[in-house]
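Each value in this text was obtained by applying a stated rule to the coordinates, not by laboratory testing. These numbers come from a predicted model, not from an experiment. FYI the Cβ positions are ideal-geometry reconstructions off the backbone, even for glycines, and counts take in every protein chain you see.
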Amino acid sequence: MKHQTLDQMHAIATVHTDPMQLDMTRTERLQRWAELLEREPNRILTALEGTEYRPLLEREKMRANGSPISVAFNDEVLCRQGLAGDSYGDAKRFFELTDRQLHEIVCYCHVGLSMQASRAAYCVRRAIRGRGFIASLLQTLGIHA
C-alpha cells in the first residue's frame with residue numbers, strides 16, 4: 001500500500017470527507033439542537049428547577065430525564081462532536097452558552113415543570129442570535145427595554 005498526502009489523492013481521485021468527523025461551529029451545534037427539538041414540537045420535556053439559585057457546582061451537575069439537554073445528548077452527531085453528558089454544565093460548555101441563555105432554554109421559572117419541545121427550540125434559536133427569550137418577547141410586543 002502506497003501512502004499519499006491528501007493533496008496527492010485530490011490529484012487522482014475525488015476525496016470525500018465524513019461530515020460526522022468535522023468539527024461543527026457553535027452555531028451549527030445550536031442549529032442541530034434546535035432541529036432535534038423541532039422534530040417533535042409537541043413533545044413534553046422536563047424543565048430544570050431553579051438553575052439561577054443553585055450554587056455553581058450544583059448547577060453544573062443539574063440534569064433531568066427528558067430535558068431539552070437530554071434530547072441533544074441522545075443525538076449521535078452531537079455526542080461525536082463532544083457533548084459529554086446531559087447535565088447543565090455539559091450543555092453550557094459544549095454549546096458555549098451563558099448561564100442566562102441556558103437558563104432561558106431549560107429553567108422551570110419560565111414554563112413550569114415541563115415545556116413543549118418547540119418552546120425550547122425557539123429559545124435555542126434565540127441563543128444563536130444572542131438574544132434571550134424575554135428580550136425577544138418584549139420586542140415582539142413592541143416594548144423596548
Quick one: I128, I44, fewest Cβ neighbours within 10 Å first, how do they rank?
-> I44, I128
Provide the net charge surrounding G112, with neighbours chosen by a C-beta distance below 14 Å and charges set as Lys +1, Arg +1, Asp -1, Glu -1.
-> 0
Which translational diffusion coefficient, to the nearest whole µm²/s, is obtained for region 21-140 from the Stokes-Einstein equation, given a Kirkwood hydrodynamic radius over C-alpha pairs, 37 °C and 0.692 mPa s?
-> 234
How do S118, S67, S87 line up, fewest other C-beta atoms within 10 Å first?
-> S118, S87, S67
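Using a Förster radius of 35 Å, what is the FRET efficiency between Y53 and T25 based on their Cβ-Cβ separation? Nearest 0.05, please. Provide the component values of the computation, followed by the final result.
On the way: r = 32 Å, r/R0 = 0.92.
After rounding, the FRET efficiency stands at 0.65.
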Using a cut-off of 14 Å between beta-carbons, work out the net charge of the residues near T25 (Lys and Arg +1, Asp and Glu -1, T25 not included).
-> 0
